[in-house]
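Step one of this worksheet: look at the structure below.
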Amino acid sequence: MADRLLSVAALCLLFCPTFTLATKAEPLQIITDDNWHSILEGEWMIEFMAPWCPACRSFQPVWQGLAEWSRDLDINVAVVDVTENPGLSGRFLVTSLPTVYHVKNGEFRVYQGPRRENDLLSFVDDKKWEEITPVSSWAHPNSYLMSAVGFFFRLALYIRGFYTTMTTVYGIPEWGCYIILAIATIITGLMLGLMFVLCCDWLFPPKYSPRKTIPKVCDETGSSQEKDDESDLLDDSAQEVPTADSELSKGETSVRKRKAQNKDAASEVKGNSCNEKLTAEEVTEEKKDS
């Protein structure tokens, strides 16, 4: 019985270091488009990688070593495959691989230090991440702008998958795929434009006045305009009337002058005739006297 207890104790001592190391190791958490909101709480170290990237492959043992210390550091270590989750690469503005983010209660910081395990451990343990400025609000992965960028990245992945399916499964030539994609793009643009116009009309409807008030407004505005027009017409007529009167007066004066001249001429003729009569009478009287 004692020999059995000793053998059990020896086995425990033999496998105790292995057990402690096994409990120390933590698997890497996988972040996808569906569960990425979980990183908004707590402290995280996240690597963005791709299986085809040589630098990511060489960095993989270092990242796995950091994950083994995650329990002691009280952090979560995760990895994101950008080939399977392109929306996250657009949401986080990943431009190079591998890219490491530090997340603390929704604040995102990009790690740009050496890619060694000791440097990563000191970065977390010594809180060197406090020296790094968090990403701005517009570039925050949870913002509307980054959500739109992530949507377009996912859309690009779907289009690429559609193109691959048409060429490999259905045997459509490349030029045929380009024509189909061009037509789909035009139709999509027209639909989006129509939706945009409808949204603008719904958010900012045109302001129509009631029909009862339209005549009043027209009368008020129209009366002022009509008055202005009438005043202008009166001014014009006032300017034109004197000219017409002056022309008439000139004509009348010329006619009157002509009449006066005719009267003068007629009076002269009468005077001459009267003088002739007088001279004739005088001659006859002289004859009688003689």
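From the Kirkwood radius over Cα pairs of the stretch 57-104, Stokes-Einstein at 25 °C and 0.890 mPa s returns a whole-number translational diffusion coefficient of 204 µm²/s. Remark on the stretch 71-149: Rg and Dmax equal 13.2, 37 Å (Cα only). Considering the stretch 49-183, its Cα convex hull presents a mean projected area of 10.4 nm². In this rough spin-label picture, where each label sits 7 Å from Cα along the Cβ direction, the L198-E41 distance is 3.9 nm.
Descending by average beta-carbon neighbour count within 10 Å, the peptides 42-54, 157-169 line up as 42-54, 157-169, the highest first. Model label points for Y144 and E68, set 7 angstrom from Cα along the Cα-to-Cβ axis, are 4.8 nm apart. Computed over the alpha-carbon pairs of the stretch 116-183, the distance histogram in 5 Å steps reads 3, 13, 12, 10, 9, 10, 11, 9, 6, 7, 7, 1 percent, short to long. Against the criterion of solvent-accessible heavy-atom surface with a 1.4 angstrom probe, I187, I75 sort, most first, into I187, I75.
The values are calculated or read from the model by the stated rules, or taken from the named source; none is laboratory data. All figures in this text were calculated on a predicted structure; none of them were measured in a lab. Note that we place each Cβ from the backbone using ideal geometry, even for glycine, and neighbour counts take in every protein chain shown. These accessible areas exclude ligands, DNA and RNA; they are computed on the full protein's heavy atoms, side chains included. Shrake-Rupley method; radii C 1.70, N 1.55, O 1.52, S 1.80 Å.
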